[in-house]
Amino acid sequence: MTTIANNLQQVLGRIAQASNAAGRAPASVNLLAVSKTFGADAVVEAVAAGQTAFGENYIQEGVDKIAALRAAMPGAGLQWHCIGPVQSNKTRLVAEHFDWVHTVDRLKIAERLSAQRPAHLPLLQVCVQVNMDGGATKSGVASADVLGLVCAVAKLPRLRVRGLMSIPDHAPDFESQLAIHTSARKLFDEIRARAEPGLEDFDTLSMGMTADLEAAIQAGSTMVRVGTGIFGGRTYPLVDG
């Protein structure tokens with residue numbers, strides 16, 4: 001068994017254990033393997049071990065990897081999630097190549113994604129990123145403004161709003177992690193309960209990474225984003241090329 005395959009099994013084991021501890025079915029939590037900065041060969045290893053959903057932070061790198069994998073493994077049915085910041089000059093790449101985008105925090109970005117999503121592709125699955133910490137320099141819409149943005153995005157063609165995504169600051173212990181994730185879950189539940197038009201598929205709470213997936217699952221995450229725990233440590237590029 002390769003290191004990636006072994007790591008993947010360990011992460012799946014953590015997810016199952018955390019789910020059971022929370023009284024949830026392990027199948028209620030989806031695993032997104034964050035393959036940023038790792039080459040297509042690493043993704044191929046993960047696919048061979050059974051992983052099919054991958055997250056990319058750097059858009060051009062992600063697009064290149066998507067093309068390489070589609071050429072190398074046609075018909076593999078891989079699902080690609082954009083989980084990094086989306087600038088206006090990169091919306092077309094996201095709209096044309098990715099299946100999901102987790103980081104919509106401005107209506108302008110959503111409008112560009114909607115206009116640029118090719119008609120022959122399925123609807124682009126969208127999560128609105130919320131800044132649960134309230135930091136002025138962090139990405140994500142303020143929690144007080146989330147509902148308005150979610151409803152506005154839901155009205156756009158070629159997009160389907162699926163839920164919320166959050167990346168809180170590092171917290172040193174389980175209880176601190178749980179508190180911030182629980183705040184995101186509460187916001188998610190409040191929006192879902194309103195049953196606004198266009199939110200029929202509002203079912204995804206994307207939160208939790210390698211260091212805090214147990215707390216995220218306890219709080220109700222439906223999708224954890226794990227990179228280091230699967231692929232190992234990484235060296236970051238200086239820019240998004």
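Here the simple spin-label model places points 7 Å from the Cα toward Cβ, and for ALA193 and ALA25 these points are separated by 2.4 nm. The residue among VAL141, LEU121, ASN20 whose Cα reaches farthest toward the positive pole of the charge dipole of the stretch 1-146, with charges on the beta-carbon of Lys, Arg, Asp and Glu, is VAL141. Roughly how far apart, in whole Å, are the Cα centres of the stretch 7-62 and the stretch 150-187? Between the Cα centre of the stretch 7-62 and that of the stretch 150-187, the gap is 19 Å.
One decimal place: the segment LYS108-ASP64 gains 13.3 nm when fully extended, by the rule 0.36 nm per residue minus the C-alpha distance. By the rule of a C-alpha distance below 24 Å, with chain neighbours fewer than 8 residues away ignored, the lysines paired with LYS65 are LYS36, LYS90. Since only ILE109, VAL43, CYS82 are under comparison, the one whose Cα sits farthest along the positive direction of the charge dipole of the chain, derived from C-beta charges on Lys, Arg, Asp and Glu, is ILE109. Run lengths n ≥ 4 of DSSP H only: what is the helix-derived mean residue ellipticity at 222 nm for the chain, with -39500 (n - 2.57) per run over all residues, to the nearest 500? Rounded to the nearest 500, the figure is -12500 deg cm²/dmol.
Which percent of the Cα-Cα distances in the chain go past 32 Å? Result: 16 percent of Cα pairs exceed 32 Å.
Read-outs: derived from the displayed coordinates by stated rules, not from any lab. Keep in mind that what you see is a predicted model, and the values were worked out from it rather than measured. FYI the Cβ positions are ideal-geometry reconstructions off the backbone, even for glycines, and counts take in every protein chain you see.
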